[in-house]
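Written below as structure tokens is the structure these notes are about.
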Amino acid sequence: MGRVRSSSLSMYNFLSSYVTQKLNPDLETTSQPQPTSSKSRRLHPTSYLDGLRGIASLLVFFCHYTEENHRYMLPTYGVPDDGDNVGSSPFQLPFLRLLFSGRPMVHIFFVISGFALSYKPLKEIRARNFKGFHASLSSSAFRRPIRLYGPPLVSTCIVFIMVCLGIVYTPHPTFRGQLEHWASSMFYQVLWPWSWDTELRPRYDLHLWTIPIEMCHSMLLFVILLTLSRVKYHVRLVVTLFLLNYCLSCGRWAAFEFIAGMLLAEFHLMAAERRQAQIKLHEHYDPPPVGDGASFLEKILHWCILTIAFYVSGWPNKKPDYAWGISVLDALTPSAFPHNDPTTPQKFWFALCAVAVVWSCGRLSVARNALESRFAQYFGRISFALYIVHGPVLEALQYKITGEPRRRTIGQLGHQAYVPAAAGFGLKGLTGVDTVGQRTLCWLLGLVFFVPLVLVLSDVFCRWVDEPIVDVARRIERRCAIDEHYDRLPGPLLDVVDRDRRHA
């Protein structure tokens, strides 16, 4: 039996070597081992997008913490909340309020997704490598559902357990009822890609409303890439611009952001090609050009674009008419984004700002260097985990930690409106919320507690859930995908290899 097994392995090795040499004569028969350490992460041309996504994810966390625990900080500076006579915190000033302006950051997520998903397919298109384009596009489309749905499936399972234990929400009377409730929420709110850009607000973590939007627009982007893969660049550009205008005229902000990300990816590739052409042109005559390729006037333009985008991104959720400049933009919002919801007009301007931020950050060396720093790259690595983890953590602990301020007696004893005094607890009970200083201190102390906790749990979730699921998606794809070289063998030889593989 040992000799038969050895013979089978020898035959298999011989046939594998034969196939490799015949179908890939230029390949070397040996390969050097590659380092596999995840800690040595090499920067690539679009690493700044990872850093931008990481910072945006952190600001989304700050936003949800502020909106759910310190609502008095949401109006613009100098405009008190309804029934509130306390002044405004300095963090409510323009630009500073970006620290808890998470809504425009979600739009940045979508532009980055469109950029990242289309970057490699467009690179193959521009190289006229249509075989590579097909392989890249099919690989991305195959792995996308696993990548998007895997981590939320695990996180909602954890929330399901927390509900059963009575840690969050009110549990169902029976375990079976709770399980059916969770399955229904997963199927109709997290895995449901048919509502386009409607916010479904999943019951086990409402922050996962972006997942079905990511899924359906990723597939839309793949269809657009496939449709435009064999047309000339100028035709692709005209069609893309038409689609962008069409999406905005229909009020489809998420489709606009994904397609705009595709357009920015093409511009990025064009700039890289020009850069390479300049280097080749000067390598025999002058030293190769240095810098980021942007002129002084272009840098001034991009800094102005970022300044405007950051100001507009501070659009308050309440009373936008009182914010300087925002009221004008609110009045200029197209009719496709009606005012029936005060947050709907935001989405038009946030979509434009997201495209502007991604574009300008890629053209400014200062911004790129900041986003490629180890700090930003770390947040980029855990960005998806941070986005998923922070919601359940806040839901479980925010009221216990933030607490309630001390309440004075209201009214007189015996009257209907009488409310007795109550001792405060938590951070609000410790600092109070009667002055601007107390509110600002309470907000900062909450971040001091929650940030380390959420980051540690996000890192654990990234290492033990998110990254393994990415690896599982690759493994599933390798097992399911067709091996082109292997399937090109003649029928009898294919049977021999199959038989030897089974015996081996």
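The values are calculated or read from the model by the stated rules, or taken from the named source; none is laboratory data. Since this is a predicted model, take the numbers as computed values, not measurements. Positions of Cβ are backbone-derived with ideal geometry, glycine not excepted, and every protein chain shown enters the neighbour counts. Only protein heavy atoms, including side chains, enter the accessible area calculation; ligands, DNA and RNA are left aside. Shrake-Rupley method; radii C 1.70, N 1.55, O 1.52, S 1.80 Å.
The label-point distance for ASN340 and ASP459, in a model that sets each label 7 Å from Cα toward Cβ, rounds to 4.7 nm. For CYS353, the solvent-accessible surface computed with a 1.4 Å probe is close to 10 Å², ligands and nucleic acids excluded.
Kindly sort HIS181, HIS302 by accessible area of their heavy atoms, largest first, with the probe set to 1.4 Å.
Details: HIS181 70, HIS302 0 Å².
Most to least solvent-accessible, the answer reads HIS181, HIS302.
Other residues lying with their Cβ under 15 Å from the Cβ of MET215 contribute a combined charge of -1, Lys and Arg counting +1, Asp and Glu -1. Within the shell defined by Cβ-Cβ distances under 12 Å, the residues around PHE91 carry a net charge of +2, with Lys and Arg each +1 and Asp and Glu each -1.
To the nearest 10, the accessible area of ARG274 is 130 Å² with a 1.4 Å probe. Across the accessible surface of the range 190-246, with the other protein chains kept in place and a 1.4 Å probe, carbon and sulfur atoms take up 71 percent. Accessible surface for the range 180-284, divided over its residues, is 50 Å² per residue with a 1.4 Å probe. Between ASP483 and LEU241, the simple label model (points 7 Å from Cα in the Cβ direction) yields a spacing of 4.8 nm. At full extension, ASP84 and ARG201 could sit 39.2 nm farther apart than now, given 0.36 nm per residue minus the alpha carbon distance.
Beyond 27 Å in Cα-Cα separation lie the following of the pairs LYS232/LYS347; LYS232/LYS280; LYS347/LYS428; LYS131/LYS299; LYS123/LYS280: LYS232/LYS347; LYS347/LYS428; LYS131/LYS299. Rolling a 1.4 angstrom probe over the protein heavy atoms with all chains in place gives the range 41-163 an accessible area of 39 Å² per residue. In this simple spin-label approximation, LYS131 and LEU179 carry label points 7 Å from Cα along the Cα→Cβ vector, and these lie 5.0 nm apart.
Note on TYR188 and ALA396: with the Förster distance fixed at 22 Å, the Cβ-Cβ geometry gives a FRET efficiency of about 0.35. Charged neighbours of LYS120, selected by a Cβ distance under 14 Å, balance to +3 (K, R count +1; D, E count -1).
Only protein heavy atoms count here; on that basis, with a 1.4 Å probe, LEU329 has an accessible area of about 40 Å². Close amide-amide hydrogen proximity is noted between PHE425 and GLU404, each under 5 Å apart and 5 or more residues distant or on a separate chain (H modeled in the peptide plane; Pro and chain starts excluded).
Ranked by solvent-accessible area (1.4 Å probe, protein heavy atoms only, all chains present), the residues LEU264, LEU441 order from largest to smallest as LEU441, LEU264. Shown for the range 108-187: the carbon plus sulfur share of the solvent-accessible area, taken with all protein chains present and a 1.4 angstrom probe, equals 66%.
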